[in-house]
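Where a number appears in this text, it was derived from the coordinates with a stated rule and is not lab data. Quick caveat, the model's predicted, so the values are computed rather than measured. Every residue, glycine among them, receives a Cβ derived from its backbone with ideal geometry; neighbour counts consider all protein chains shown.
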Amino acid sequence: MFDSRIRLKHPLLAGVFAFLIPGAGHFYQGRYFKAAIYFGCILGLFLTGMAMAEWQAVQPPVKGALSKGKGGSVLKFAAQSGVGLPVLFGLIQRERFESPNNINVTTIASKLTVPFRGEVSYRDEHGNHSGQATGTLALEPVAGAFGKGSISGNFSGKIDGEQIAFELSDHVEIASPISAQKSRSLAAGLSRVVNGRKEEIGYLRGTIPRSFWNWFEVPMDASEEEDLHRRLGKYHELAMVFTWIAGLLNILAIWDAVEGPAYGYGDEYTPPPKTPETA
């Protein structure tokens with residue numbers, strides 16, 4: 001029953017706002033106290049779950065998930081989607097992840113400096129060497145064979161605690177930019193100039209950071225999800241429950257924005273009038 005004592009403005013529009021951002025519909029209606037409660041409590045519960053799951057609780061289902069026997073992932077996402085935009089962003093990430101352009105990178109548009117961690121193997125006049133390396137990669141676009149763009153640069157850092165630097169060959173390959181993994185794998189050849197000619201002397205393999213917006217809410221494959229669950233244990237399950245509850249709670253908030261408070265009026269109990277006492 002609509003309550004004429006509360007001005008709901010355009011209830012359907014308020015419901016859309018309440019769906020997109022918890023509390024936004026009530027703010028639009030001028031119901032500021034409820035807007036603050038819904039915004040703080042629902043989003044707070046959702047973000048708590050996200051933080052507990054290392055910001056990877058939202059996993060949009062892949063296209064055709066139902067036909068692939070992955071109905072559970074659809075139900076999980078449906079429960080979370082009540083929170084609105086913070087979850088629906090995952091659908092954009094799914095499109096980016098499944099794009100045919102999301103492939104391994106062998107060329108870049110401009111210079112790039114990134115931290116590196118991995119292993120290095122090379123040979124010099126003293127023999128063969130290998131070890132774990134940490135340092136910085138300075139990458140730059142170059143013209144490769146047959147005029148095709150490629151990547152080169154240099155590495156400077158430490159191998160097993162020893163300071164060292166290398167030039168990279170133009171055989172550098174970086175993993176696809178968009179993935180649920182927070183780091184990107186990278187492989188590159190190492191080179192040096194011998195008798196005026198550049199020759200490869202080894203390789204480095206490891207990882208560089210992936211930007212937040214290129215892993216946040218990106219779909220995981222089964223092995224990635226199992227690894228997250230293995231590392232977090234029961235906290236993963238608790239995090240998922242928090243995000244589900246937040247989504248379902250916002251459905252009630254949307255209802256309140258559209259219909260008004262859930263109380264009746266006009267049917268209150270009125271006691272019968274008292275009869276005057278007689279002497």
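With respect to the cross-link table entries Lys70/Lys182; Lys34/Lys234; Lys63/Lys148; Lys63/Lys111, which display a Cα-Cα separation exceeding 28 Å?
Values: Lys70/Lys182 24 Å; Lys34/Lys234 33 Å; Lys63/Lys148 34 Å; Lys63/Lys111 35 Å.
Exceeds cut-off: Lys34/Lys234; Lys63/Lys148; Lys63/Lys111.
Quick one: net charge of Phe17's neighbours, Cβ under 14 Å, K/R +1, D/E -1? Write down the numbers at each step before the final one.
Numbers: positive: Lys9, Arg31, Lys34; negative: Asp256.
With Lys, Arg at +1 and Asp, Glu at -1, the net is +2.
Filter the chain for me: DSSP H helices, axial length by Cα at least 24 angstrom, mean Kyte-Doolittle hydropathy not below -1.0. List them by residue number. Spell out each step's value before the answer.
On the way: long enough: 32-52 (29 Å, 1.53); 234-259 (38 Å, 0.91).
The answer, listed by residue number, is 32-52, 234-259.
As a test of the formula, what do you get for the chain when each DSSP H run with n ≥ 4 contributes -39,500 (n - 2.57) and the sum is divided by the residue count, at 222 nm and rounded to the nearest 500 deg cm²/dmol? Don't jump to the answer; show the numbers that get you there.
Numbers: 7 runs with 96 residues, N = 279.
After summing the helix terms and dividing by the residues of the chain, the value is -11000 deg cm²/dmol.
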Task: Set of aspartates and glutamates with alpha-carbon distance to Lys76 below 15 Å, sequence-local pairs under 8 removed - done: Glu217, Glu225, Glu237
Task: Label corresponding to Cα extents along the principal axes in Å when calculated from the structure given, among [x] 128, 39, 38; [y] 102, 36, 35; [z] 53, 39, 36 - done: [x]
Task: the stretch 191-263 and the stretch 110-151: distance between their alpha carbon centers, rounded to Å - done: 28
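Extension gain Lys68-Cys41, at 0.36 nm per residue separation less the Cα-Cα distance, in nm?
Numbers: separation 27, 0.36 × 27 = 9.72 nm, distance 3.56 nm.
The Lys68-Cys41 span can extend by a further 6.2 nm.
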Task: Options Phe216, Tyr203, Val172, ranked by Cα towards positive dipole end of the chain, top entry (Cβ charges) - done: Phe216
Open item on the list: If I model a spin label as a point 7 Å beyond the Cα along the Cα-Cβ vector, how far apart are those points for Phe89 and Asn101 in nm?
Closed with: 2.1
